[in-house]
1. Express in nm, to one decimal, how much length is gained between residue 217 and residue 38 on full extension, taking 0.36 nm for each residue of separation and deducting their alpha carbon distance.
2. Report the far tail of the P(r) of the stretch 204-295, meaning the percent of Cα-Cα pairs longer than 18 Å.
3. What nm distance separates the two modelled labels at residue 22 and residue 172, each placed 7 Å from Cα along Cα→Cβ?
4. How many nm separate the modelled label positions at residue 243 and residue 161, each set 7 Å beyond the Cα in the direction of the Cβ?
5. Would you mind ranking 21, 286 by Cβ crowding within 10 Å, fewest neighbours first?
6. Each label point is 7 Å from the Cα along the Cα-to-Cβ direction; what then is the distance between the points at residue 254 and residue 46, in nm?
Amino acid sequence: MSCEGLRSLWETFLDGELPTRQMLELQLHLDACSECSEALALSEAVRLSARQVVYEDAPVGDDFRRRLSSAIVAEARQEHEQRNALANARVRRRLGRASGYGAGALAVAAAALLWLRFERNGFERNAEQDDHAERDAAAAREAVVTLKPQELLDLFIDYHTAPPAPVVTEPQLIPELERDVGVRVPLPVLTAFGAEWQGGNLLKVPRTQPAAFLRYRTRDSHRLTLYVYNAARIPLHASLERRMFREEPVYERSWRGYSVAAQTRHGVGYAIATDLDEARSAELLRAVTRSVVSH
């Protein structure tokens, strides 16, 4: 991908809306082009700062959630009524065609009427099922609205403390996670910090792409979880506090007895959850993001 091609996809990339294939191709270009990489890092920093201000100054209130929920329910009801209207129109059209055959075809018309009634009942049952599905989807959308940055942080910590069994235990299989995550998933080597990789899996985030998580264990039996995710779709940074660590911005927070540190590189978010202190977590994160840039 050329620099000019990158510029044409710039905003879409920063919004996290590129298809997975283009997202991965663009990240490969950024890894090789320092000029584009630096320009993107500046734009990304501006966006993150603006997002942080928005989350802090304009929290989602209960009244907004109620209005949004009502709008979703009204939309589902309107779609259900449109399906019923379509079913009625189909019944009337077919009855009209059947009546044109005259009295001699009365038996055929009666059979057609019974069949149409059966079809209409089936259509209405499907519409009712669709309505239930829409209500379930509306409930899911409402749940996403209530997934505040703090709750997103809790979700990451939950996966750190009680993760599902790893589905990837061989390094060469790590790229399989990229299809779901939508961004490149590296496997940093942290042996210099006494941490050995144990396996990887997916962290499921409602209504968006999942994050990949990679589990490590240190020689002194501390657990370390590295998360890799699309930073535009998973705003974990909004729940953390920005500070400078060795002249680099790092987003950190201690919560529920654990330390979480995060950074972004080329639209990809990297976060580490540990039971270590914030300084050591930040050092580990710095090693991760530097290894990503160097490769």
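Read-outs throughout are calculated quantities, based only on the coordinates presented, and are distinct from any laboratory measurement. Given the structure is predicted, the values throughout are model-derived calculations rather than measurements. Positions of Cβ are backbone-derived with ideal geometry, glycine not excepted, and every protein chain shown enters the neighbour counts.
1. Result: 61.1 nm gained on full extension.
2. The proportion of pairs with Cα distances above 18 Å equals 42 percent.
3. 3.3 nm
4. The answer from the label model is 2.2 nm.
5. Values: 21 10, 286 17.
Ascending Cβ contact count within 10 Å gives the list 21, 286.
6. My value for the distance between the label points is 3.6 nm.
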